[in-house]
Amino acid sequence: MQQTADVTEELARRVVTAAGRALDVALMPEQALVQASPRDGVDYQANLAMSLGKQLGRPPREVAGLIAGALELDGIADPPEVSGPGFLNFSLRTEWLEARTGALLGDPRLGVPETTEPRRIALDYSSPNVAKEMHVGHLRSSVIGDALARLLRFAGHEVLPHNHLGDWGTPFGMLIEHLLDVPAGQRAIADLDAFYREARRKFDSDEAFATRARTRVVKLQSGDEDTLAVWQELVDESTRHFNEVYALLGISLTDKDIYGESYYNPYLATVIDDLEAAGLTEVSNGAICVFPEGFSNREGDRLPLIVRKRDGGYGYAATDLATVRYWTAERGATDLLYVVGTPQAQHFAMVFATCRAAGWLTGHAEHVGFGTVLGADGKAMRTRAGETVKLADLLTEAVTQAAAVVTERSELDAAGQAEVARAVGIGAVKYADLSGDRERDYVFAWDRMLAYEGNTSVYLQYAHARTQSLLRKAGGLPEGTQVALEAPAERALALKLLRFGEALKAATSGYAPHKLCTYLYETAVAFSRFFEECPVLKASSPSLRASRLRLTTLTSHTLALGLSLLGIEAPDRL
Ligand code: ARG
């Protein structure tokens, strides 16, 4: 099926062409400032006349009028009205809308073109720490990162996912020694956090153990084979746990995406050498530091990025410098994205600044930050005992809570209900995480995220299931692509369906999945109004019935595809 520009773009191109003709100005389509209009009876508006008028020293209404006079709309819309200070108001022609909507049928991409400028995007996400349970902070990175991976791939970009496991550094001395104290054959770690705590307790209280642990770090870093084998055991145990969480959450990361901190170990020495050779390093308190320009504390002191610690060890910052270099130079990434909590904003800003100064980074690098998950008390979410919330426990709870909500309404058998409870519970947790502006904190509240009304995944899943049930009852979709938009609710739904591409573009280019959430919610609302106002199975004529089934089908595909790009399932029945 033919892929076409979205409506905004289509109008914007015509508006700037007209402006060029009428006013002799050369504008880019974005400068037409075309957007969907919130006004009644207006579908789209172009807002360029105000700024253009100022620039040309002419009254905006006059400018708008001249553009309107020069517009060639080829049946897309009626000639626009000029309103207010100089808005151009468009009302799309119904026949054009009908043809456009019908053309989406049978197109698996629902009219959304692939990018003509594909990029190669290295995407760091999830990135939990070995020998620690994944906690609620890793939920956000995993869920947001995975949605971005899906959105970027759908847009036609190449995505290189990498999971920056915290698998290196001084704690591994004590962890390895602690594991060695457990008799072989009994080494499976049931509870990673308890294991970590016990290792730490011994390290703090047992001098002999602490000495062994310190020696072990040196052995690990010098590549001692026996030590590496035990370290590998720890990594494998942890990875098994991470993979369980990923499977439950529907996160697409696999073992081949693991590029832990240890992976960059062989690169660190050259990173430091090259920074030194470039004259970017200084020794400060015995540590090798870079002081990238533009970073200082409140007292005005320059802030250091510590690349080699006083004891000769490399830390978190050195490793991230190496990641920039590796993914650009060795893997040819054009874009680097790091989906990590906002508390690390300064770290990444300093890493990028250092890499730019060193000439290793010329393209786009961005810290895709996110806020904190809060408890009901408005503080970072914790268990009642005051501990961090384990992600695995949270997800199990989500499925249990969803089961209670689902069984209230469901006509499915027990196995069907269990399957739906999983999709609904996991979907709710993911959607709650994705549907707000990612940089903001949000409060984790079961009743809100599992509500059947409002901007929740359950609402969307329910709307989707309703479309499916309607299509089942209809006994299949009649052939053909004719769509008739008679009732206002039909027209409003069609307009929404045609905006899918715009929503995807906004969500993808801004790394902002919540924009897709908002769009899907609005689509479900438009469908629900259509469903109330427009009889489908009992429509007044066979052709109207067919048209309404086609709108239902398109709604169904839009919701399912949209949810799948967020990493959320859309069951056929709830
Ligand atoms: N392991 C870190 C943590 O749990 C996140 C790592 C993020 N990625 C990076 N390249 N620094 O906080």
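Miscellaneous remarks
- Positions within segment 472-498 being open to solvent by 30 Å² or more (accessible area, probe 1.4 Å) and under 30 Å from Arg438 (Cβ atoms), in sequence order: Ala492, Lys496
- Selection of helices (runs of 4 or more DSSP H) fully inside segment 308-412 by the criterion of at least 3 residues being within 15 Å of the ligand (Cβ to nearest atom) returns 316-325, 345-357.
- Checked against (1) outside any loop (DSSP other than H, G, I, E, B); (2) modelled with pLDDT under 90, Ile189 passes all but condition (1).
- In segment 175-186, of all residues being in a helix (DSSP H, G or I) and open to solvent by 40 Å² or more (accessible area, probe 1.4 Å), the one that is nearest to Glu117 (Cα to Cα) corresponds to Leu180.
- Residue match in segment 129-146 (condition: among the basic types (Lys, Arg) and within 17 Å of the chain's Cα centre (by Cα)): yes
- Tabulated pairs, segment 39-53, first in contact (Cβ under 8 Å) with a residue 40 or more places away in the chain, second among the polar types (S, T, N, Q) and assigned to a loop (DSSP other than H, G, I, E, B), C-beta under 6 angstrom, 6+ apart or interchain: Asp43/Ser91; Tyr44/Ser37; Gln45/Ser37
- Against the conditions (1) out of contact with any Asp or Glu (no Cβ under 8 Å at 6 or more places or on another chain); (2) surrounded by 18 or more Cβ atoms within 10 Å (Cβ to Cβ), Phe348 satisfies every one except (1).
- Inter-residue pairs, beta-carbon under 9 Å, first free of Cβ contacts under 8 Å to residues at least 60 places away in the same chain and in segment 14-29, second acidic (Asp, Glu) and open to solvent by less than 70 Å² (accessible area, probe 1.4 Å), 6+ apart: Pro29/Glu9
- When every residue of segment 83-104 is checked against the conditions, at least one turns out to be closer than 23 Å to Leu498 by Cβ and open to solvent by 70 Å² or more (accessible area, probe 1.4 Å).
- Test: Ala353 is in the same structural domain as Tyr125 (by the TED database) and open to solvent by 40 Å² or more (accessible area, probe 1.4 Å): no
- Remark: pairs (first residue in segment 404-424, at pLDDT below 90; second residue part of a helix (DSSP H, G or I); Cβ separation under 6 Å; 6+ apart in sequence or on different chains) = Val406/Gln417; Val406/Val420; Val406/Ala421; Val406/Val424; Thr407/Gln417; Ser410/Gln417.
- Any hit, segment 323-337, residues being open to solvent by 10 Å² or more (accessible area, probe 1.4 Å) and either in contact with a helix residue (DSSP H, G or I) (Cβ under 6 Å, 6 or more places away or on another chain) or modelled with pLDDT under 90 (or both): yes
- Look at segment 83-105: where a residue is on the phi > 0 side of the Ramachandran plot and not assigned by the TED database to the domain that holds Ala494 and a partner is of a type outside the set (Phe, Trp, Tyr) and open to solvent by 20 Å² or more (accessible area, probe 1.4 Å), sitting 6+ places away or on another chain with Cβ atoms under 6 Å, you get Gly86/Met50; Gly86/Pro60; Gly86/Arg61.
- Yes/no for Ile144 being outside any helix (DSSP H, G or I), within 16 Å of the ligand (Cβ to nearest atom) and open to solvent by less than 20 Å² (accessible area, probe 1.4 Å): no
Per-residue answers, yes or no, for (1) open to solvent by less than 40 Å² (accessible area, probe 1.4 Å); (2) farther than 29 Å from Thr115 by Cβ; (3) modelled with pLDDT of 95 or more:
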{"site": "Gln2", "(1), (2), (3)": "no, no, no"}
{"site": "Val15", "(1), (2), (3)": "yes, no, yes"}
{"site": "Ala18", "(1), (2), (3)": "yes, no, yes"}
{"site": "Ser37", "(1), (2), (3)": "yes, no, no"}
{"site": "Asp40", "(1), (2), (3)": "no, yes, no"}
{"site": "Met50", "(1), (2), (3)": "no, yes, yes"}
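- Segment 499-516, subset within 11 Å of Arg438 (Cβ to Cβ) and not aliphatic (A, V, I, L, M), residue most open to solvent (accessible area, probe 1.4 Å): Lys515
- Residues in segment 529-574 that are open to solvent by 20 Å² or more (accessible area, probe 1.4 Å), of a type in the set (Ser, Thr, Tyr) and assigned to a helix (DSSP H, G or I): Ser543, Ser564.
- Taken as a whole, the structure places Leu123 among residues that are in the same structural domain as Val143 (by the TED database) and either within 16 Å of the ligand (Cβ to nearest atom) or not aromatic (Phe, Trp, Tyr) (or both).
- Filtered by the rule that a residue be within 14 Å of Gln482 (Cβ to Cβ) and aliphatic (A, V, I, L, M), segment 81-109 gives Leu97, Ala99, Ala103, Leu104, Leu105.
Matching residues to (1) open to solvent by less than 40 Å² (accessible area, probe 1.4 Å); (2) among the charged types (D, E, K, R); (3) under 27 Å from the mean Cα position of the chain (by Cα):
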{"position": "Gly363", "(1), (2), (3)": "yes, no, yes"}
{"position": "Ala385", "(1), (2), (3)": "no, no, no"}
{"position": "Thr400", "(1), (2), (3)": "no, no, yes"}
{"position": "Thr407", "(1), (2), (3)": "no, no, no"}
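- Checking every residue in segment 440-447 against the condition of being part of a strand (DSSP E or B), modelled with pLDDT under 95 and either of a type outside the set (Val, Ile, Thr) or open to solvent by 60 Å² or more (accessible area, probe 1.4 Å) (or both) gives at least one match.
- Hits in segment 175-190 (condition: within 16 Å of Lys132 (Cβ to Cβ) and in contact with a helix residue (DSSP H, G or I) (Cβ under 7 Å, 6 or more places away or on another chain)): Leu175, Ile176, His178, Leu179, Ile189
- Scan of segment 126-141 for residues that are more than 9 Å from the ligand (Cβ to nearest atom), over 26 Å from Val230 (Cα atoms) and open to solvent by less than 10 Å² (accessible area, probe 1.4 Å), ordered by number: Leu139, Arg140
- Qualifying residue in segment 160-174 (condition: open to solvent by 10 Å² or more (accessible area, probe 1.4 Å), of a type in the set (Phe, Trp, Tyr), in contact with a helix residue (DSSP H, G or I) (Cβ under 9 Å, 6 or more places away or on another chain) and under 27 Å from Ala380 (Cβ atoms)): yes
The values are calculated or read from the model by the stated rules, or taken from the named source; none is laboratory data. Here the structure is a predicted model, which means the values were calculated and not measured. Every residue, glycine as well, gets a Cβ built from its backbone with ideal geometry; the counts of neighbours run over all protein chains shown. For the accessible areas, the whole protein counts, side chains as well, though only heavy atoms, and no ligand, DNA or RNA atoms are used. Shrake-Rupley method; radii C 1.70, N 1.55, O 1.52, S 1.80 Å.
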